[in-house]
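Novice: Encoded as structure tokens, here's the structure I'll be asking about.
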Amino acid sequence: MSLSLAAQRLRRLSALPLRADAIRTLLSAADYRRELLSQIAAAKQRICLCSLYLQDDEAGADIMAALYAAKAARPTLDIMVLVDWHRARRGLIGAAKTNEPLGNAAWYVRLSAAHAAAIPIYGVPVQTSELFGVMHLKGSVIDDSVLYSGAGINNVYLHQFERYRHDRYLLLEHAALATSMIDFVRAQLLSAAAVRRLDLAEEPASGSQIRSLRASLKRASYQFQPQNEASRNAASLSVTPIVGVGKNNRLNRVICDLLAASTERITLLTPYFNFPAVVDKEIRRAFKRGVIIDLIVGDKTANDFFIAPEQPFKVIAALPYLYEVNLRRFAKSHQAEITSGQCNLFLWKDGNNSFHLKGIDCDGVYTLLTGNNLNPRAFRLDLENALLIHDPQKLLQAQRHTEFESILQHAQRLSNYQELQKLPDYPAPVRRLLNRLTRVRLDRLACRVL
């Protein structure tokens, strides 16, 4: 891919002008929880929360209580919550089959029955099965503010108690951006026959309705009035909301263009080290161009699927080890770049807390805030979105520096791939499972869908 063509495509993206003083980076899960609750309490016109799930726990209860309180104080307040349909209705493993709502959906129904005011909670089925695609849109709109994070809503994501799951958190005061994101939800999701109310225990959508929704989402985009070319050339700062689902979607292409257009430095963050082939290819090309690449990933013990060896083994607990296998292979193939300092591989670990940060920073000029995990599943299956910030004058450089310094205080740079464990070092149940998967090449399939 030509560097100049990638840069030109990025330049041609429609964008909204942005003021530097309208952007604030939050540095912790606790800050994010406080800001979200504060924004909900102060809302006057509209609230739209998008999350993979809203958990039936103390943090989830606090968010719902805040929404009901805001609605009681201002009955005309327009409130909507969107979560993934399948994740919300998932029951406990081994639970008996029933036609009644399970999991978080059952809680939504109980909340609805206990309150006179309605807080609609919509379930979005991106695929007929959770395994093959989920609603992974991020970003909460509250009046003219957009609070963007990859975090879900539960005790760990919101640091309700001792443990936290670290993410990225950005607050943008931008009426046009907020309206564009709400308009997308209304036009593309709430109008679809496949999207049903979970709080009212509505019947699941049919397979044909879900396939129709997915087909329409593949053609969808955020709609807004972009700045004209003259004003854009003079603008110091802009933001582009991007959405994508399925192979070769617009968001995937922008991610590849960002990597291809870089000339100096790329910073990549992902909690699940499992790059799609196209991303891996662009990384290799960037190394050949002399670009410095910083990779910030979670240690396997900071993965949200990690289970301590002394705990009862579950199949899902093998995933962090599978990601480490990928990471070790990558580090081994790029040991020369690690040694020279062209590749800086940081492993994040902070006690028993977990790592969920995603995104890309290119040359200090482009920042992509996203829930996209930069893995094959995100590139092929899930409904994803992102905010691309273009900052040619580097007005946000101080904020970005502070954010990355905060992240790296719990990260160690890897100097050699041999510092990572290999298969013989893993607990016996993990070794047996990974050996079995490798023999029948199911490890590759697992990397594509998990």
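Novice: Under a point-charge model restricted to the Cβ atoms of Lys and Arg (+1) and Asp and Glu (-1), what is the dipole moment magnitude of the range 70-189 relative to its Cα centre, in debye to the nearest 20?
Specialist: 400
Novice: Taking the chain as a Gaussian network, where each spring joins two C-alpha atoms under 10 Å apart, which residue of His86, His410, His390 fluctuates the most?
Specialist: Looking only at His86, His410, His390, the largest GNM fluctuation is found for His410.
Novice: Let me ask something else. Net charge around Ile40, counting only other residues with Cβ within less than 12 Å of its Cβ (Lys, Arg = +1; Asp, Glu = -1)?
Specialist: Taking every other residue near Ile40 into account, the sum is +3.
Novice: For the range 268-326, run through the GluC sites (Glu not before Pro) and keep only the ones in DSSP coil with at most 11 other Cβ atoms within 10 Å of their Cβ.
Specialist: Glu310
Novice: Moving on. Tell me the carbon and sulfur percent of the accessible area for the range 30-154, rounded to whole percent, probe radius 1.4 Å.
Specialist: After summing per-atom areas, the C and S share lands at 54 percent.
Novice: Return the sequence-ordered ³J(HN,Hα) values of the range 170-180 in whole Hz as given by the Karplus equation 6.51 cos²θ - 1.76 cosθ + 1.60 applied to θ = phi - 60°, using x for Gly and Pro.
Specialist: 9, 10, 10, 8, 7, 4, 5, 5, 4, 5, 4
Novice: Whole number in Å², please: accessible area per residue of the chain, 1.4 Å probe, ligands, DNA and RNA not counted.
Specialist: 43
Novice: In addition: Tell me, what is the percent relative contact order of the chain, built from C-alpha pairs under 8 Å that lie six or more residues apart?
Specialist: Averaging sequence separation for qualifying contacts and normalising by length gives 18 percent for the chain.
Novice: Which loop trypsin sites (Lys or Arg not before Pro) in the range 16-97, with loop taken from DSSP, have no more than 14 other Cβ atoms within 10 angstrom of their Cβ?
Specialist: Sites meeting the loop and neighbour criteria: Arg19, Lys44, Lys97.
Novice: Classify the range 298-450 from the C-alpha gyration tensor, please: rounded if a/c falls under 1.5, else prolate or oblate depending on whether a/b exceeds b/c.
Specialist: Note, shape of the range 298-450 comes out prolate.
Novice: While we're looking at this one, here's another question. Counting only DSSP beta bridges with both residues in the chain, what percent are antiparallel, rounded to the nearest 5?
Specialist: For the chain, the DSSP antiparallel bridge percentage is about 60.
Novice: Taking a ≥ b ≥ c as the square roots of the eigenvalues of the Cα gyration tensor of the chain, is the shape rounded (a/c under 1.5), prolate (a/b larger than b/c) or oblate?
Specialist: Since a/c reaches 1.5 but b/c is at least a/b, the shape of the chain is classed as oblate.
Novice: Mind listing which GluC sites (Glu not before Pro) in the range 124-228 are in a DSSP loop and have 16 or fewer other Cβ atoms within 10 Å?
Specialist: Passing sites in the range 124-228 are Glu162, Glu202.
Novice: I'd like the Karplus ³J(HN,Hα) series for the range 115-128: coefficients 6.51, -1.76, 1.60, θ = phi - 60°, whole numbers in Hz, and an x wherever there's a Gly or Pro.
Specialist: 3J(HN,Hα) across the range 115-128, in whole Hz: 10, 6, 6, 9, 10, x, 10, 9, x, 10, x, 7, 9, 6.
Novice: Turning to a different aspect of this structure: Using the Cα gyration tensor of the range 268-360, with a ≥ b ≥ c the square roots of its eigenvalues, what is the shape: rounded (a/c below 1.5), prolate (a/b larger than b/c) or oblate (neither)?
Specialist: In terms of gyration-tensor shape, prolate.
Novice: Next up: Quick one: dipole size for the chain, taken about the Cα centre, charges +1 on Lys/Arg Cβ and -1 on Asp/Glu Cβ, in debye to the nearest 20.
Specialist: 1700
The values are calculated or read from the model by the stated rules, or taken from the named source; none is laboratory data. None of these values were measured; they are calculated from a predicted model. Backbone-built Cβ (ideal geometry, glycine too); neighbour counts: all protein chains shown. Areas reflect the complete protein model, heavy atoms only, side chains present, ligands, DNA and RNA absent. Shrake-Rupley method; radii C 1.70, N 1.55, O 1.52, S 1.80 Å.
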